[in-house]
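Below: one structure, written as structure tokens.
What follows draws every value from the coordinates through simple rules; no lab data is involved. Here the structure is a predicted model, which is why all the values come from computation and not from measurement. Ideal geometry is used to build each Cβ from the backbone, glycine not excepted, and the neighbour counts take in all protein chains shown.
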């Protein structure tokens with residue numbers, strides 16, 4: 001999830017996603033599906049929406065793609081550029097609702113992984129994004145996105161995601177928590193927080209950072225309707241980035257593959 005709330009602050013300024021995500025294992029797990037989708041794309045020019053620290057853009061570039069990553073968070077784009085940027089990779093700071101003003105057209109594939117689309121809170125935000133996506137992609141271009149399965153989250157009253165723990169060399173443990181509160185009209189109050197546990201300190205537990213972001217818990221049916229209205233045909237709905245079957249009551253993720261119509 002790399003889109004920030006509609007405020008002047010950057011809620012990801014102090015969240016080290018590069019540290020808390022096991023990127024090597026994640027890319028290895030997602031690679032087969034990404035490769036299968038890429039094989040069906042009309043070109044090797046790929047748009048990475050909500051690119052965060054740029055790991056997916058770099059992976060796609062390693063497959064021979066020209067990859068352009070877009071993120072609204074200055075902190076994420078800055079961290080993406082801390083590592084050497086390969087030829088054929090570009091990182092752009094900007095709002096994904098403004099794609100035609102940020103990019104030249106001609107993309108054969110777009111991805112939005114890691115809950116990015118939930119930052120589009122209003123129906124009009126999603127409509128504007130999809131319209132812009134249609135403007136910068138080729139006819140027949142593929143769009144693959146992944147969000148959490150919010151139908152499961154809402155029906156089961158889930159209030160948090162599994163915590164991530166990273167042990168430090170000094171004996172401390174850094175803990176990344178993601179708490180959620182359900183709001184009316186499909187909104188979710190999302191609270192990503194970083195804690196540090198150091199048994200040698202008093203008190204041993206410290207809050208390093210904590211933010212509150214309002215997200216939209218989109219359901220499969222809502223997204224399908226918006227995609228079709230914007231000229232995209234849904235080709236596949238999966239329950240994970242392995243391409244597994246989607247169960248609205250049980251799957252952790254909602255992964256959708258769509259294609260821009262040729263007409």
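Rank the residues 202, 95 as a footprinting-exposure proxy: fewest other Cβ atoms within 10 Å of their Cβ go first.
Listed from fewest to most nearby Cβ atoms, that is 202, 95.
Report the residues of region 182-199 in range of a label on residue 222: point 7 Å along Cα→C-beta, backbone N strictly under 15 Å from it.
Output list for this probe position: 182-190.
Residues of region 206-243 with the amide nitrogen closer than 20 Å to a label point 7 Å from the Cα of residue 154, along Cα-to-Cβ, please.
213-229, 237-240
For region 158-215, what D do you get in µm² per second when you plug the Kirkwood radius from alpha-carbon pairs into Stokes-Einstein at 37 °C and 0.692 mPa s?
This corresponds to a translational diffusion coefficient of 263 µm²/s.
So for each of 133-140, 45-52 I average, over its residues, the number of other beta carbons within 10 Å; can you give me the resulting order with the highest mean first?
45-52, 133-140
In units of 2.2 N^0.38 Å, what is the alpha-carbon radius of gyration of region 208-263?
1.41
Which distance in nm do the two modelled labels at residue 250 and residue 81 give, with both placed 7 Å along the Cα-to-Cβ direction?
4.7
Taking the Cβ of each residue in 71, 263, 247 as the centre, tally the other Cβ atoms inside 10 Å and list the residues starting with the fewest.
So the ranking, lowest neighbour count to highest, is 263, 247, 71.
Please say if region 67-163 is rounded, prolate or oblate, where rounded means a/c under 1.5 for a ≥ b ≥ c the square roots of the C-alpha gyration tensor eigenvalues, and otherwise the choice is prolate for a/b larger than b/c and oblate otherwise?
Verdict is oblate for region 67-163.
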